[in-house]
Amino acid sequence: SAIYFSNSNYIKERTLRWLTDEEEQLNENKQPRIQYLIVEMSPVTDIDTSGIHALEELYRSLQKRDVQLVLANPGQVVIDKLHASNFATLIGEDNIFLTVGDAVLTCVPKMEEP
């Protein structure tokens with residue numbers, strides 16, 4: 001499905017709510033903090049400017065939490081729009097991967113020890 005004006009804010013808010021819930025559980029269990037948020041983008045068939053703005057807001061919110069946003073498997077239409085909007089440059093080309101597996105293999109060695 002697409003990330004458009006009608007659902008972009010929901011997606012951003014839901015992601016942040018999920019992250020908050022996960023962080024609370026990790027803190028309660030004395031586990032290491034979340035350092036990377038890998039978003040599987042293959043279901044996203046299209047994105048409009050509202051969707052890109054929502055991703056930018058998500059990115060900024062994650063930066064404040066010291067969590068790196070990573071995108072995995074964006075389709076060609078989506079990646080073209082992310083490049084056209086300079087979002088790919090904002091998060092860093094090195095934070096966009098072809099697969100979730102590639103993202104994990106790259107992020108895990110960079111993780112800080114608790």
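The values are calculated or read from the model by the stated rules, or taken from the named source; none is laboratory data. What you see is a predicted model; the values in this text were computed from it and never measured. For neighbour counting, all protein chains shown are included, and Cβ atoms are generated from backbone atoms with ideal geometry for every residue, glycine included.
When you look at Glu40, is it touching a residue at least 60 places away in the same chain (Cβ under 8 Å), out of contact with any Gly (no Cβ under 8 Å at 6 or more places or on another chain) and closer than 16 Å to Ser8 by Cα, yes or no? For Glu40, the condition - touching a residue at least 60 places away in the same chain (Cβ under 8 Å), out of contact with any Gly (no Cβ under 8 Å at 6 or more places or on another chain) and closer than 16 Å to Ser8 by Cα - is met. When we screen Leu37, Leu90 for residues that are in a helix (DSSP H, G or I) and either under 11 Å from the mean Cα position of the chain (by Cα) or closer than 25 Å to Thr20 by Cβ (or both), the only hit is Leu90. For Gln31, the conditions (1) of a type outside the set (Val, Ile, Thr); (2) modelled with pLDDT under 95; (3) more than 25 Å from Lys110 (Cβ to Cβ) are fulfilled apart from (3).
Within the range 79-98, being out of contact with any helix residue (DSSP H, G or I) (no Cβ under 6 Å at 6 or more places or on another chain), surrounded by 10 or more Cβ atoms within 10 Å (Cβ to Cβ), of a type outside the set (Ser, Thr, Tyr) and free of Cβ contacts under 8 Å to residues at least 12 places away in the same chain holds for Asp80, His83, Ala84, Asn86, Gly92.
When the range 54-64 is examined, which residues are found to be surrounded by 15 or more Cβ atoms within 10 Å (Cβ to Cβ) and over 13 Å from the mean Cα position of the chain (by Cα)? Answer for the range 54-64, where residues must be surrounded by 15 or more Cβ atoms within 10 Å (Cβ to Cβ) and over 13 Å from the mean Cα position of the chain (by Cα): there is none.
Of the residues examined, Asp48 is one that is surrounded by 13 or more Cβ atoms within 10 Å (Cβ to Cβ) and touching a residue at least 40 places away in the same chain (Cβ under 8 Å).
Of all the residues that make up the range 43-58, how many are over 11 Å from Val77 (Cα atoms), touching a Leu at 6+ places or on another chain (Cβ under 9 Å) and either assigned to a loop (DSSP other than H, G, I, E, B) or of a type in the set (A, V, I, L, M, F, W, C) (or both)? Total meeting the criteria: 3.
Residues that are surrounded by fewer than 20 Cβ atoms within 10 Å (Cβ to Cβ) and either at positive phi or in contact (Cβ under 8 Å) with a residue 24 or more places away in the chain (or both) within the range 65-78 comprise Arg65, Asp66, Val67, Gln68, Ala72, Gly75, Val77, listed in sequence order. Contact map, the range 99-114: first residue under 17 Å from Asp66 (Cα atoms) and in contact (Cβ under 8 Å) with a residue 40 or more places away in the chain, second residue among the β-branched types (Val, Ile, Thr) and outside any helix (DSSP H, G or I), Cβ cut-off under 9 Å, separation 6 or more or different chains; pairs are Cys107/Ile38; Cys107/Val70.
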